[in-house]
Amino acid sequence: MKRFFNSPDTAAGGQQTMKKLLSSLLCLSLLTGMAGICGCQAKPETEPTDDNVFVIGFSQVGSESDWRVANTKSMTDTFTGDPEYELVMENARQMQENQFTAVRRFILEGVDMIIIAPTVEEGWLTVLTEVHDAGIPVIIMDRSVAVWDDNLYLTNVGSDFLRQGNLAVEWLEKETLKDAENGDESEDGTVRILHLQGTLGATAQIQRTKALEDAVTSHGNWELISQLDGDFTEAKAYEVMTTYLAENRDIDVIYSENDNMTFGAMRALDEAGISYGEGGQVRIITFDATKEALQYCLDGKINLCVECNPLFGPQVKELIEAYRRGDTIPKHVYVNETAYTAKDLTQEFVDTREY
Ligand code: AHR
């Protein structure tokens, strides 16, 4: 394809590319009749690269978690070094507005495909319609978009977040039944659950929350004592947990919607002198199952790690190749995932964990 830059702006860097891109965008402003302040020619500063290169504009959510960093690496590793592809990544720093800007820039640049990992589900209809009208195919990855017309994207590849939530509540149900059989339940039999939520409106938050809320409704003795917004980050979770624990200490379970929030919560619990994990006051359920969380699980500090697999760059590439061959591709593709307790883990398994 013809475009106005030569090298990809990947997570690994790209300052040079950015300079060229900005210069080229200023040139574009000349072409569209806007103020010509840079004195550059209407002709692009750099020569277009090989027309056979398939250029992908990728709008990534941000770098809020270890999961996200691994997901970005999986995408860049998959495409970097393949002369047939160029992946141009934009980090939205967890702001949907930044994603709209990036997608519109990709349209202007005339990329061959756009991949979006949406921050939140709502609000995508206008910009996806613009991409559709420009004739550029779209893949939605990781989370989903809530648009009535699913012809606006080719496929949605990522996790089954509701299944992840259901794995967590099924495990908790078994544990609390065992407690009741062994006489280990709390005095009044209530299971007090503190819920740490990820970015509100993100599919990972919506579906994991749904699984928990449905389970609380169907278990008379489960009580949702509070829902705190941790925005999928360690810092925010530490902050909200510290504030919460200053007034409340009566917690049986923490259901934390990602590992980084769990690490923040553990720090706050340590500082408050509240025990957790195997044999502790608080059971901890976490999502992602990163290497660090699995190590805590093996060490007895986290009770359940529900896996959220970020390593689907190769699967995305296979879908793109199928699309380019003209094959029919499924509208929704889920990645394989499971859940781990300490008894499912060995040190060797944790040491060889890729993320
Ligand atoms: O959408 C996937 C979620 O987003 C992961 O659970 C979390 O760690 C990330 O920030």
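Considering segment 186-224 alone, what residues qualify as being within 16 Å of the ligand (Cβ to nearest atom), charged (D, E, K, R) and open to solvent by 40 Å² or more (accessible area, probe 1.4 Å)?
Lys210
Can you tell me how many residues in segment 137-185 are within 16 Å of the ligand (Cβ to nearest atom) and not hydroxyl-bearing (Ser, Thr, Tyr)?
Counting residues in segment 137-185 that are within 16 Å of the ligand (Cβ to nearest atom) and not hydroxyl-bearing (Ser, Thr, Tyr) gives 19.
Cβ contacts < 7 Å: first residue closer than 19 Å to Glu170 by Cα, restricted to segment 238-265; second residue open to solvent by less than 10 Å² (accessible area, probe 1.4 Å) and modelled with pLDDT under 95, any location; separation 6+ or different chain. Result?
none
From the residues in segment 291-333 that are open to solvent by less than 20 Å² (accessible area, probe 1.4 Å) and in a loop (DSSP other than H, G, I, E, B), which one is nearest to the ligand (Cβ to nearest atom)?
Filtering first and then ranking leaves Cys308.
Please go through segment 205-225 and give me each residue that is aliphatic (A, V, I, L, M), assigned to a helix (DSSP H, G or I) and within 13 Å of Tyr255 (Cβ to Cβ), ordered by number.
Ala211, Leu212, Ala215, Val216
Considering only residues of segment 250-263 that are surrounded by 24 or more Cβ atoms within 10 Å (Cβ to Cβ) and of a type outside the set (A, V, I, L, M, F, W, C), which is farthest from Val216 (Cα to Cα)?
My answer is Asn260.
If I filter segment 271-288 for residues that are aliphatic (A, V, I, L, M), out of contact with any Asp or Glu (no Cβ under 8 Å at 6 or more places or on another chain), in a helix (DSSP H, G or I) and surrounded by fewer than 22 Cβ atoms within 10 Å (Cβ to Cβ), do I get at least one hit?
The answer is yes; a qualifying residue exists.
The values are calculated or read from the model by the stated rules, or taken from the named source; none is laboratory data. Being a predicted model, the structure only gives us computed values, none of them experimental. Note: ideal-geometry Cβ built from the backbone for every residue, glycine included; neighbour counts use all protein chains shown. In case anyone asks, the SASA skips ligands and DNA or RNA and just uses the protein heavy atoms, side chains included. Shrake-Rupley method; radii C 1.70, N 1.55, O 1.52, S 1.80 Å.
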